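Novice: If you scroll down you'll find the structure; I have some questions about it.
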Amino acid sequence: MTATAVGRPDRIDMKDGATLALLAAWVLALFASFAVLFIGEVMGQQPCVLCWYQRIAMFPLALVLGIAAWSGDLSAWRYGMPIAVAGLLVAAFHSLLFYGIVPESIEPCGAGPSCTDAQMTIFGLPLPILSFAAFAGIATLLYEVRKGATR
């Protein structure tokens, strides 16, 4: 990737694996952000408390990774990875709660929609698992960015 005087790349090197991984992480975060907005605003499904925490992690990832991809900043893994891992941990806990592995007595959803409701699915897939997959994918791609950035 070559840079202009202001630090923005004048073209993206599509042969660079780290750059492609950063772009893919951004697209995944952007898609996940639009998906949860669609589920909440168009389908009318209210998010539970744990869903809100996962949104708090995903929305900034879409913005931060987009800016990093635009500017060619491969050091984005340094500030994207902690957010992705935090979202991954919340999604993992939510998944365990959804499947009943974690007892309901420590369920954080006292008021509002239940974290384990059967409506927490789309196309037959549980939303906590989809969230876990999205955060895991982003974290994996950012790890690839890290490997490429340290070469």
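Novice: Can you pull out the residues in region 41-77 that are farther than 14 Å from Ala29 by Cα, touching a residue at least 12 places away in the same chain (Cβ under 8 Å) and either assigned to a helix (DSSP H, G or I) or of a type in the set (Val, Ile, Thr) (or both)?
Specialist: Answer for region 41-77, where residues must be farther than 14 Å from Ala29 by Cα, touching a residue at least 12 places away in the same chain (Cβ under 8 Å) and either assigned to a helix (DSSP H, G or I) or of a type in the set (Val, Ile, Thr) (or both): Val49, Leu50, Cys51, Tyr53, Trp70, Ser71.
Novice: For the subset of region 124-151 comprising residues that are β-branched (Val, Ile, Thr) and assigned to a helix (DSSP H, G or I), which member is nearest to the chain's Cα centre (by Cα)?
Specialist: Out of the qualifying residues, it is Ile138.
Novice: Counting just the residues of region 39-66 that are under 17 Å from Leu125 (Cβ atoms) and modelled with pLDDT under 90, which one comes out surrounded by the fewest Cβ atoms within 10 Å (Cβ to Cβ)?
Specialist: Met43
The values are calculated or read from the model by the stated rules, or taken from the named source; none is laboratory data. Keep in mind it's a predicted model, so treat the numbers as computed, not measured. Counting neighbours? That spans all protein chains shown, and the Cβs are built from the backbone with ideal geometry, glycine included.
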